[in-house]
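Q: Sharing a structure below in structure tokens format, with a few things to ask.
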Amino acid sequence: MNETGKAIQSIEWREDHVRIIDQTFLPGRTVYCDIRDVGQMWDAIKKLKVRGAPAIGIAAAYAFYLGIKDIRDISYSGFSIEVDRIAQYLASSRPTAVNLQWALDRIQSTIHALREKPIDEIKDTVLQLAKTIHEEDKRICKNIGLNGQELIPDTANILTHCNTGGLATGQYGTALSMIYHAHEAGKKIHIWVDETRPLLQGSRLTAWELTSAGIPMQLVIDSAAGHLMKSGKVDLIVVGTDRVAANGDTANKIGTYSLSVLAKEHNIPFYVAAPLSSIDTAIKTGDEIPIEERDGEEITNIGSSRIAPKKVDTYNPAFDVTPAKNITAFITEKGIVKQPFTTGIAKLFS
Ligand code: MRU
């Protein structure tokens with residue numbers, strides 16, 4: 001395993017606070033940000049200082065503890081009102097990645113199950129649970145990487161979108177974990193990295209992770225994908241996800257749907273690396289997935305430079321939904337799921 005894939009700890013619990021790498025400064029500078037209260041974490045998630053579905057879930061879990069740790073002299077019913085308020089507040093930071101709600105639900109049901117216990121004991125358990133969610137994610141991502149190996153030939157040109165590496169998870173990543181493990185296994189892989197407009201998670205973060213790891217890659221603009229596929233330069237596509245519906249419809253970074261349509265046209269396998277924490281069996285199809293809309297300034301500006309006319313109107317959806325029919329397979333920590341997805345996904349949870 002390369003050093004970056006192994007070593008990146010984008011989130012770390014430090015005695016009484018959370019330390020994150022502020023991803024908005026990468027790759028220029030590695031800036032750490034110490035988070036000491038729930039409001040600071042809400043802001044960090046909203047502004048993409050911490051980002052990527054699994055990382056958002058982990059961050060929210062630690063933030064939950066930060067939100068309850070100083071509550072004192074309160075009955076369980078008063079405590080429970082505060083708990084609901086904190087959960088709703090954190091959930092409002094970003095709507096699409098279900099890992100956020102998944103982590104909050106897991107903590108809330110644990111708190112509820114401990115309602116007869118002293119409040120201090122409940123608080124300690126919440127911190128332990130946040131640490132467990134974090135550690136579990138590292139193991140899950142490693143298994144996704146290993147499970148995906150049978151889909152990556154010994155020589156392959158792989159296209160990926162957005163950032164799905166150690167920065168976006170507890171460690172290793174999801175789609176990038178498959179890539180790290182393929183490289184470690186000695187496969188001759190070359191990665192096409194989509195720059196991923198507008199916030200450039202591909203050129204800023206994935207390119208940083210892959211070059212630091214010594215994995216051969218080339219950065220391309222998002223709209224080069226069709227040309228690459230038509231020219232026979234892409235053997236497979238692997239992306240991550242923010243939410244998978246029970247039928248396999250998949251939300252991921254804007255531009256993923258277009259890639260899936262192009263992949264279908266060119267008969268190229270289209271894989272989604274997905275931890276179970278990103279699968280939302282409560283929703284039947286992708287139509288129910290909330291799509292985050294972000295500030296138009298992310299399109300009209302690059303950094304602090306404005307590139308569009310002053311009064312231009314904008315529309316900036318941060319995600320799109322790829323229909324299940326365009327997906328070849330999901331790679332999860334429990335193995336590979338092929339069509340038909342509705343039964344395959346249900347089995348993962350049975
Ligand atoms: O807006 P972002 O950067 O949080 O979007 C992230 C993605 O779309 C990732 O592909 C997804 O969260 C999977 S991360 C392992």
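Q: Find the accessible area per residue for segment 160-299; the probe is 1.4 Å, ligands and nucleic acids are left out, and the unit is Å². List each step's numbers first, then the result.
A: On the way: 4800 Å² over 140 residues.
Using a 1.4 Å probe on heavy atoms only, each residue of segment 160-299 averages 34 Å².
Q: Oh, and also: Treat the chain as a sphere of radius equal to its Kirkwood radius over Cα pairs and apply Stokes-Einstein at 20 °C in a medium of 1.002 mPa s; give the translational diffusion coefficient in µm²/s, rounded to a whole number.
A: On the way: Rh = 20.5 Å.
Reported coefficient: 104 µm²/s.
Q: Accessible area per residue of segment 3-141 at 1.4 Å probe, in Å²? Each step should come with its number before you reach the end.
A: On the way: 6170 Å² over 139 residues.
Normalised by residue count, the accessible surface of segment 3-141 is 44 Å².
Q: Divide by every residue of the chain the summed helix terms, -39500 (n - 2.57) for each DSSP H run of at least 4, and state the resulting mean residue ellipticity at 222 nm, rounded to the nearest 500 deg cm²/dmol. Please list the in-between numbers first.
A: Working: 12 runs with 135 residues, N = 350.
One gets -12000 deg cm²/dmol as the mean residue ellipticity at 222 nm.
Q: First obtain the Kirkwood hydrodynamic radius of segment 221-350 from its Cα pairs, then insert it into the Stokes-Einstein equation at 37 °C and 0.692 mPa s, and state the resulting D in µm² per second as a whole number. Mind dumping the intermediate values first?
A: Numbers: Rh = 16.0 Å.
Answer, rounded: 206 µm²/s.
Q: In nm, what is the difference between 0.36 nm times the number of residues separating Ser212 and Arg19 and their Cα-Cα distance?
A: 67.3 nm
Q: Just report the Cα centroid separation between segment 181-221 and segment 242-320, whole Å.
A: Between the Cα centre of segment 181-221 and that of segment 242-320, the gap is 19 Å.
Q: Sort Asp222, Asp154 by heavy-atom solvent-accessible area, probe 1.4 angstrom, most to least.
A: Working: Asp222 45, Asp154 110 Å².
In descending accessible area the options line up as Asp154, Asp222.
Q: Let me ask something additional. Which percent of the accessible heavy-atom area of segment 143-348 goes to carbon and sulfur, probe 1.4 angstrom? Write down the numbers at each step before the final one.
A: Working: 4390 of 8360 Å².
C and S fraction of accessible area: 52 percent.
Q: How big is the Kirkwood radius of segment 3-141, worked out from every pair of different alpha carbons and given in Å to one decimal? Provide the component values of the computation, followed by the final result.
A: Values: mean 1/r = 0.0656 Å⁻¹.
With all distinct Cα pairs of segment 3-141 included, I get 15.2 Å.
The values are calculated or read from the model by the stated rules, or taken from the named source; none is laboratory data. From a predicted model like this one, the values you see are computed outputs, not experimental measurements. Just so you know, the surface numbers come from the protein's heavy atoms only, side chains and all, with ligands and any DNA or RNA stripped out. Shrake-Rupley method; radii C 1.70, N 1.55, O 1.52, S 1.80 Å.
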